[in-house]
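Please read the structure below before turning to the comments.
The values are calculated or read from the model by the stated rules, or taken from the named source; none is laboratory data. The model shown is predicted, which means the values in this text are computed figures rather than measured ones. In this analysis, Cβ positions are derived from the backbone assuming ideal geometry, glycine residues included, and neighbour counts consider all displayed protein chains. Only protein heavy atoms, including side chains, enter the accessible area calculation; ligands, DNA and RNA are left aside. Shrake-Rupley method; radii C 1.70, N 1.55, O 1.52, S 1.80 Å.
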Amino acid sequence: MSGTAAPGPGIVLVDDQAAGTLPPPPGGAPDRPLPVVLDCDPGHDDAVAILLALSRPELRVLGISTVGGNAVLERTTETALRVLALAGRPDVEVAAGAAHPLEGPLRTAPHVHGESGIEGPELPPPESAAIAEFAPAAMARWIEAAGEPVVLVPTGPLTNIALLLEEHPSVRERIAHICLMGGSITEGNITPAAEFNIWVDPEAAEIVFDSGIPLTMIGLDVTHRSIVWEPEREVMARAGDRVGPVVGGLLAFFQSFHERTYGWAGTPIHDAVTVAHLVAPELVRTAALDVRIETQGRFTRGRTVVDLRRVTGRPPNAHVGLDIDRAGFVALLTEAIRSYG
Ligand code: BDR
Ligand code: CA
């Protein structure tokens, strides 16, 4: 099957916000941009998330931390530096973090992103180097220097975030929100039960989800509905000379996995949905729910167990994405690409 219809209906609850005592992500505005830290493993969709974040006046990117995930740490770090060169922002600090999960070896995703973690178009060479500081320490410094509560935006395995919370507990109260890509209410992608980012490091994910810091979980239920169809990709590729052709190439490569696996003549851009949600909260419909991480299961390690019908009575720890205004998301991305000229 292939086509241009969004797969399945979005998840519907009787009252999406019924359990809602959990603070939503704070909003940013051009005259008062929201300070954010992007923690990533680029990755085609991480790269687009970075480009979107740097293009928006509602956000102030304090720094970028990298983690082993889609590819090994050396590669994800180099790719982050290349994306900054593409964006004309080599001034943004990049700190390399955890090379492997809290427990066990790193498992990467060459079947999705290629061996380099970002196969496809040529990215420009880095115009800067990563700083010497370990990412969790750099993140703590960025957060302390921000002067106001910060939002963390993890789009890879949660290892760096777990290390930050454990090794620098004093910054917890300065973290307003964690808006992450990971998990799923329904199907997995790397296993039938688990989504890749959570599956790579379930122990780290458990620390983050149990931290008490308000979270937003943008999982596959939403991101598999964030598809950029081929004709829209072509518009993006022609939207400006600077980043348009590169993004077009990234999405074309990323599509090949999704076409093989799901039959889609288009590609989701999972990670960019986190940033889009911070820029335009109305694009993603969420519900405040209890989410636990399965760290044991014989078949389900790395699953996000979402209490969708609130059967446990536990208070919510996460706003969980249910659906997306796909056309609005595509329009936001296209505008971001065009803004680079
Ligand atoms: C997530 O896994 C990675 O392949 C993507 O970059 C995204 O963060 C989707 O499951
Ligand atoms: Ca990612």
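Kindly evaluate LEU84 against the criterion of being open to solvent by less than 20 Å² (accessible area, probe 1.4 Å), farther than 19 Å from ALA135 by Cα and assigned to a helix (DSSP H, G or I). Here the answer is no, as LEU84 does not meet what is asked.
Those residues that are of a type in the set (Asp, Glu) and open to solvent by less than 10 Å² (accessible area, probe 1.4 Å), I need them from the range 46-70; list them, please. Across the range 46-70, the qualifying residue is only ASP46.
Could you check how many residues of the range 92-121 are open to solvent by 60 Å² or more (accessible area, probe 1.4 Å) and free of Cβ contacts under 8 Å to residues at least 12 places away in the same chain? Explain how you work it out, then say what you get.
Taking the range 92-121 and keeping what is open to solvent by 60 Å² or more (accessible area, probe 1.4 Å), we get 93, 100, 102-103, 105, 107, 111, 115, 119.
From what is left, the residues that are free of Cβ contacts under 8 Å to residues at least 12 places away in the same chain are 105.
Residues meeting the conditions: 1.
The residues listed here are GLY10, GLY88, GLY63; of these, the one that is touching a strand residue (DSSP E or B) at 6+ places or on another chain (Cβ under 7 Å), among the small types (Gly, Ala, Ser) and modelled with pLDDT of 95 or more is GLY63. Inspection of the range 217-224 identifies no residue that is within 16 Å of ligand 2 (Cβ to nearest atom), at pLDDT below 95 and polar (S, T, N, Q).
Any residue in the range 181-196 that is farther than 19 Å from HIS258 by Cα and either within 16 Å of ligand 2 (Cβ to nearest atom) or open to solvent by less than 10 Å² (accessible area, probe 1.4 Å) (or both)? No, the range 181-196 contains no residue that is farther than 19 Å from HIS258 by Cα and either within 16 Å of ligand 2 (Cβ to nearest atom) or open to solvent by less than 10 Å² (accessible area, probe 1.4 Å) (or both).
Residues that are under 15 Å from SER226 (Cβ atoms) and open to solvent by 50 Å² or more (accessible area, probe 1.4 Å) number at least 1 in the following strands (runs of 3 or more DSSP E) confined to the range 246-341: 284-289. Within 16 Å of ligand 2 (Cβ to nearest atom) and hydrophobic (A, V, I, L, M, F, W, C): does that describe LEU152? Judged against the criteria, LEU152 is a match. For the range 125-146, the criterion of being of a type in the set (S, T, N, Q) and under 20 Å from the mean Cα position of the chain (by Cα) is satisfied by no residue at all. Determine, yes or no, whether ASP41 is within 16 Å of ligand 2 (Cβ to nearest atom), farther than 19 Å from PHE329 by Cα and among the charged types (D, E, K, R). It is true that ASP41 is within 16 Å of ligand 2 (Cβ to nearest atom), farther than 19 Å from PHE329 by Cα and among the charged types (D, E, K, R). Hey, could you check the range 22-37 for residues that are touching a residue at least 40 places away in the same chain (Cβ under 8 Å) and out of contact with any Asp or Glu (no Cβ under 8 Å at 6 or more places or on another chain) and say which is surrounded by the most Cβ atoms within 10 Å (Cβ to Cβ)? Of everything passing the filter in the range 22-37, VAL36 is surrounded by the most Cβ atoms within 10 Å (Cβ to Cβ). Scanning the range 158-211 for residues that are within 16 Å of ligand 1 (Cβ to nearest atom), in contact (Cβ under 8 Å) with a residue 40 or more places away in the chain and part of a strand (DSSP E or B) returns CYS179, LEU180, MET181.
Kindly indicate whether any position in the range 241-249 is within 16 Å of ligand 2 (Cβ to nearest atom) and not small (Gly, Ala, Ser).
Yes; the residues of the range 241-249 include at least one that is within 16 Å of ligand 2 (Cβ to nearest atom) and not small (Gly, Ala, Ser).
Residues in the range 231-245 that are among the acidic types (Asp, Glu) and in contact (Cβ under 8 Å) with a residue 40 or more places away in the chain were compared, and the one that is surrounded by the most Cβ atoms within 10 Å (Cβ to Cβ) is GLU232. The set of residues in the range 127-161 that are over 26 Å from PRO202 (Cβ atoms) and out of contact with any strand residue (DSSP E or B) (no Cβ under 9 Å at 6 or more places or on another chain) comprises GLU127, GLU144.
Across the range 222-275, the number of residues qualifying as of a type in the set (A, V, I, L, M, F, W, C) and within 14 Å of ligand 1 (Cβ to nearest atom) comes to 11. Whether a residue is in a loop (DSSP other than H, G, I, E, B) and at pLDDT 95 or above was assessed, and GLU127 passes this test.
Whenever a residue of the range 139-155 is free of Cβ contacts under 8 Å to residues at least 40 places away in the same chain, its partners that are in a helix (DSSP H, G or I), lying with C-beta atoms within less than 6 angstrom and at least six residues away or across chains, give the pairs ALA140/VAL171.
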